[in-house]
Amino acid sequence: MHVFERFTGPADQVMCLAYEEADRLRHDYVGPEHVLAGLGRQEHGRTSGILQAAGLNVEAIRAQLDRLVDAGMLPGPWRSNSELLHGLGVDLSAVRRAVEDTFGSEAVCAAHRRVLGRSRLREDRIVCGSPLSGKAMLAKRALSLASKEADGMGQDDIGPEHVLLGVLRDAQDPLGSPRPGRRIRRIRAHLGLPQHGPSPVRLVIEASGTTLHALRAEVLAELHAAS
């Protein structure tokens with residue numbers, strides 16, 4: 001079963017909010033740091049309450065993410081290929097029209113679909129009922145860890161609490177062990193993400209005065225109290 005098929009409605013909402021947070025920063029990927037902001041944005045949820053109690057409301061999380069962008073520890077606003085070419089005086093729309101006039105619009109669309117099908121940067125499906133395409137899904141490992149957290153508790157559904165636990169576990173070792181493969185390193189380099197150093201999630205959480213371990217303990221205590 002695909003991990004997203006186990007998500008509860010609130011967990012789906014968290015991912016939609018994470019996508020919006022990536023858009024706010026004009027990032028071309030959805031990472032664990034965006035998921036953390038999505039968790040902080042969710043209203044009337046246990047996880048948002050835990051984060052707020054730790055000084056991690058969405059305003060605080062956003063401020064720290066903005067600080068990391070300014071410090072170069074997260075990418076700045078993504079510039080699309082169209083924007084980059086426009087800066088060089090190339091009108092991509094005009095080029096496309098010329099190619100369509102030569103080869104036909106159907107041939108151009110078919111070629112475009114083949115290129116997207118070969119792309120390793122995109123995730124086919126995220127959540128929200130319809131695909132949220134167009135962004136690399138770098139939070140996949142954190143979400144896989146969320147699934148393992150639910151499994152360890154004997155729970156079939158993955159809720160926001162499990163998502164937060166997965167994000168926290170991922171932040172302890174963001175690139176995984178052993179050393180990440182060439183594909184992951186290439187994707188991170190393409191997106192302007194550092195190959196080394198602490199997780200942005202860890203930096204955001206520690207800036208609030210707490211730790212990954214302490215926040216994890218709070219989430220587990222909440223889950224155990226509710227069971």
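Just need log10 I(q)/I(0) for the range 135-222 at q = 0.13, 0.19, 0.24 Å⁻¹, Debye formula, equal scatterers on the alpha-carbon atoms, no solvent, rounded to two decimals. Log10 I(q)/I(0), no solvent term: -0.47, -0.92, -1.23. Full extension of the chain segment joining Gln52 with Ser144 gains 30.6 nm, where the gain is 0.36 nm per residue of separation less the Cα-Cα distance. The distance separating the Cα centre of the range 1-30 from that of the range 156-174 comes to 13 Å. Take the Cα of Ala214, go 7 Å toward its beta carbon, and the backbone nitrogen atoms of the range 34-70 under 20 Å from that spot belong to 36-37, 40, 47-65. With a Förster radius of 35 Å applied to the beta-carbon distance between Val95 and His196, the computed FRET efficiency rounds to 0.40.
The calculated FRET efficiency for the pair Trp78 and Gln172, based on their C-beta separation and a Förster distance of 35 Å, comes to about 0.80. With the whole protein complex present, Glu149 retains an accessible surface near 10 Å², based on a 1.4 Å probe.
Average accessible surface for the range 4-70: 39 Å² per residue, computed with a 1.4 Å probe over protein heavy atoms with every protein chain in place.
Here the calculated FRET efficiency for Val3 and Glu59, from their Cβ-Cβ distance with R0 = 35 Å, stands at 0.75, rounded to the nearest 0.05. Sorted on the mean count of surrounding Cβ atoms within 10 Å across their residues, most packed first, peptides 55-61, 185-191 read 55-61, 185-191.
Please give the contour-minus-distance gain from Arg186 to Glu206: 0.36 nm per residue of separation, less the Cα-Cα distance, rounded to one decimal in nm.
Gain in length upon complete extension: 4.4 nm.
The values are calculated or read from the model by the stated rules, or taken from the named source; none is laboratory data. The model shown is predicted, which means the values in this text are computed figures rather than measured ones. Cβ sites come from the backbone with ideal geometry, for glycine too, and all protein chains shown count toward neighbours. For accessibility, only protein heavy atoms count, side chains too; no ligands or nucleic acids. Shrake-Rupley method; radii C 1.70, N 1.55, O 1.52, S 1.80 Å.
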